[in-house]
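Everything on this sheet refers to the single structure shown next.
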Amino acid sequence: MRVQAAVATQSQPFLIADEQVTPAQQLAQLHKALADALRLQILRLLKNESFGVLELCRLVAIRQSALSHHLKVLAKAELVATRREGNSIFYRRAFITDDDPLADLKRAAFDAVDTLEIPREQAEQLDQLQQERSELSLSFFQKNAERFSENQGLIVEREHYDSSLMDVVEGLGLSPAACVLEIGPGEGRLLVELARRFASVTAVDNSKDMLDLSRAAIAADGLSNVEFLLGETANARETLSGAADLVVFDMVLHHIATPASTFRDVAALLKEDGLLLVIELCSHDQDWVRNSCGDLWLGFDESELDQWAAMSGLRFEQGSNLALRNGFQIQMRVFRKHAN
Ligand SMILES: C[S@@+](CC[C@H](N)C(=O)[O-])C[C@H]1O[C@@H](n2cnc3c(N)ncnc32)[C@H](O)[C@@H]1O
């Protein structure tokens, strides 16, 4: 088997040197990676979210060179994987596939790691980091609600995917009596379409200004079947657990500080057999969207969405991709909550 020797910096995950490793070496690499308390703590932190090298340095309070060594060992054992976000590299736990000969051992190791407590200082740093990410996104919409269409138009004109999106919604086979949640409805264009089709719709947005825009769109259409909730999916869980037949995120996930835990919230919000529809940018490298459009993440790989969903008990059902003229690609993916 071939592995890549890895040396992490903030912007360069691997100095690639392909090596042939025997199964015995592979097993040894796995055990070596697990034989260190700090590395186990890093794996614990990576359970739910991905972090950049500097974020991880901050969380575990060690220098970048030392962290780089630990990430190298973890990557060599294929316990962590990376994704490029513009100039930065983000680390997450590797997704374990059944064809991995060490799958059982790795799963058992992750299970054991998950029983570890996150030390108080790390938990505080974690909260603070997630809060900083959220505030970055929230402050963008606070400042830019009035210029929303203009900003969004830099990436995508809704006209280019509206009709495909409505085909997907119609094809879900939901009853008109369905209870639907849209997270981050923005100006409310999709929200109006949902409210025209379904009996009960809830709009959840953490920006008051944006929620007001969608409220105005619903009022202008003379609709009265929409509830508005200022907050995030975690807040929606407080009152709407197990209530939704459909949850929709339309170009929202890349603004959310903690996308993986958002999937878990969605699983809690859905009824058994309920559906999640995600319309999202595919991974891209156009870093300018962070400043111009307030994006926290540069899109996502399909596999990343599928695996977050799978980890939350949501099964992939269907997906399609649309290419946009400016080089961006949009993916639409539908997941279903299934009984455990
Ligand atoms: C790019 S806009 C998309 C708006 C609309 N869905 C569309 O496609 O036109 C992102 C929306 O998500 C909201 N948002 C961002 N982060 C959020 C979060 N964590 N929870 C709820 N809404 C969020 C923003 O306030 C904004 O209304």
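May I ask you to verify whether Pro185 is within 23 Å of Lys337 (Cα to Cα) and within 20 Å of the chain's Cα centre (by Cα)? Yes: the conditions hold for Pro185.
Filtering the stretch 142-172 to residues that are closer than 16 Å to Val247 by Cβ and more than 10 Å from the ligand (Cβ to nearest atom) leaves Val168, Val169, Leu172. Selection of the stretch 225-250 for residues being outside any helix (DSSP H, G or I) and of a type outside the set (A, V, I, L, M) yields Asn225, Glu227, Phe228, Gly231, Glu232, Ser241, Gly242, Asp245, Phe249, Asp250.
From the list Met166, Met210, the one residue that fits, being in contact (Cβ under 8 Å) with a residue 60 or more places away in the chain, of a type in the set (A, V, I, L, M, F, W, C) and part of a helix (DSSP H, G or I), is Met210.
Within the stretch 229-257, restricting attention to residues that are among the hydroxyl-bearing types (Ser, Thr, Tyr) and surrounded by fewer than 21 Cβ atoms within 10 Å (Cβ to Cβ), the residue that is farthest from the ligand (Cβ to nearest atom) is Ser241. Among Ile279, Ile330, which is the only one that is touching a Cys at 6+ places or on another chain (Cβ under 9 Å), among the aliphatic types (A, V, I, L, M) and closer than 25 Å to Ser88 by Cα? That would be Ile330, the only listed residue that is touching a Cys at 6+ places or on another chain (Cβ under 9 Å), among the aliphatic types (A, V, I, L, M) and closer than 25 Å to Ser88 by Cα.
For (1) away from the ligand (no atom under 12 Å from the Cβ); (2) touching a Leu at 6+ places or on another chain (Cβ under 6 Å); (3) at pLDDT 95 or above; (4) not in a helix (DSSP H, G or I), each residue gets a yes or a no:
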| site | (1), (2), (3), (4) |
| --- | --- |
| Pro185 | no, yes, yes, yes |
| Leu191 | no, no, yes, no |
| Val201 | yes, yes, yes, yes |
| Val204 | no, yes, yes, yes |
| Ala217 | no, no, yes, no |
| Leu223 | yes, no, yes, yes |
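Note on the stretch 39-71: among residues that are of a type in the set (A, V, I, L, M, F, W, C) and more than 25 Å from Gln307 (Cβ to Cβ), the one that is surrounded by the most Cβ atoms within 10 Å (Cβ to Cβ) is Cys57. Quick one: is Val180 buried (at least 20 other Cβ atoms within 10 Å of the Cβ), more than 9 Å from the ligand (Cβ to nearest atom) and farther than 25 Å from Gly319 by Cβ? Criteria not met by Val180.
The values are calculated or read from the model by the stated rules, or taken from the named source; none is laboratory data. It should be emphasised that the depicted structure is a prediction, and the values quoted were computed from it without experimental measurement. Glycine gets a Cβ as well: all are built from the backbone with ideal geometry, and neighbour counts include every protein chain shown.
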